[in-house]
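Chemist: Handing you this structure, nothing more for now.
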Amino acid sequence: MRRLDKGAPLRAAMKAAGLDIPSLAAKTREIDLDGRGISRSLIGFIVGGGATAREECSDRAARLISTALDREVIDLFRPAVPLPSKSTSTQEKWISRSRKPLPAHLMDQRELASFLRKSMSWIDAQITEAKQQGKVWPGLIYVGSSRRFDPHAVLEALQEQRQPAA
């Protein structure tokens, strides 16, 4: 469940009921069938208004707090909206984010990292992962003992990875 209005209705209900965090925690223990209730620290996170406040809590916690405050759950919380399984945003071409033109020459690892806006260690990890799968990372070319990268092949492979699975 997600608290409404950054917890303001919760704090108002607590004030109206004359409860502070410790007394609300004790009341949740009284009404909980298991006798566990909700800890003072979790209640503090849920009703708090500061930087450590939590916007979401479990259904159980929302029910216990609402019951302890003698309010309906929907007066204090709303269901957390699940994320869709597929992205609903408009797909954007990956290359379009970069204002740099696609180079026509082979790049070294530093140039490729800068161009992709990734770290050199990310590229190393990708190469290692491909090697463990018995593959060669797309666009990787060894010139002597030096690595060079075909930016066209690298971008094409990255775009294919980003395509949603059908």
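Yes/no per residue for (1) closer than 22 Å to Asp5 by Cβ; (2) at pLDDT 90 or above; (3) charged (D, E, K, R); (4) in a helix (DSSP H, G or I):
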position	(1), (2), (3), (4)
Leu24	yes, yes, no, yes
Lys27	no, yes, yes, yes
Asp34	no, no, yes, no
Leu42	yes, yes, no, yes
Ala51	yes, no, no, no
Ala62	yes, yes, no, yes
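Chemist: So the check is Cβ under 6 Å with 6+ separation or different chains; which pairs have a first residue in the stretch 43-54 that's under 14 Å from Pro22 (Cβ atoms) and of a type in the set (A, V, I, L, M) and a second one that's assigned to a helix (DSSP H, G or I) and modelled with pLDDT of 85 or more?
Modeler: Ile43/Ile21; Ile43/Leu24; Ile43/Ala25; Val47/Gly7; Val47/Leu10; Val47/Arg11
Chemist: Further question: I need the full set of residues from the stretch 101-119 which are open to solvent by 70 Å² or more (accessible area, probe 1.4 Å) and either at pLDDT 90 or above or over 16 Å from Gln159 (Cβ atoms) (or both), in order please.
Modeler: Selection gives Pro101, Ala104, His105, Leu106, Arg110, Glu111.
Chemist: Return the residue satisfying two criteria in turn: it lies in the stretch 41-72 and is farther than 17 Å from Lys15 by Cβ and touching a Leu at 6+ places or on another chain (Cβ under 8 Å), and of such residues it is surrounded by the most Cβ atoms within 10 Å (Cβ to Cβ).
Modeler: The selected residue is Ala62.
Chemist: Go through the stretch 17-40 residue by residue and tally those that are open to solvent by less than 20 Å² (accessible area, probe 1.4 Å) and under 16 Å from Arg71 (Cβ atoms).
Modeler: The qualifying residues number 3.
Chemist: While we're looking at this one, here's another question. Of everything in the stretch 129-152, what is assigned to a helix (DSSP H, G or I) and open to solvent by 70 Å² or more (accessible area, probe 1.4 Å)? Give them in sequence order.
Modeler: The answer is Glu129, Lys131, Gln132, His152.
The values are calculated or read from the model by the stated rules, or taken from the named source; none is laboratory data. Fair warning: this is a prediction, and the values are worked out from it, not measured in the lab. We place every Cβ from the backbone using ideal geometry, glycine too, and count neighbours over all the protein chains shown. Heavy atoms of the whole protein, side chains included, go into the accessibility calculation; ligands, DNA and RNA do not. Shrake-Rupley method; radii C 1.70, N 1.55, O 1.52, S 1.80 Å.
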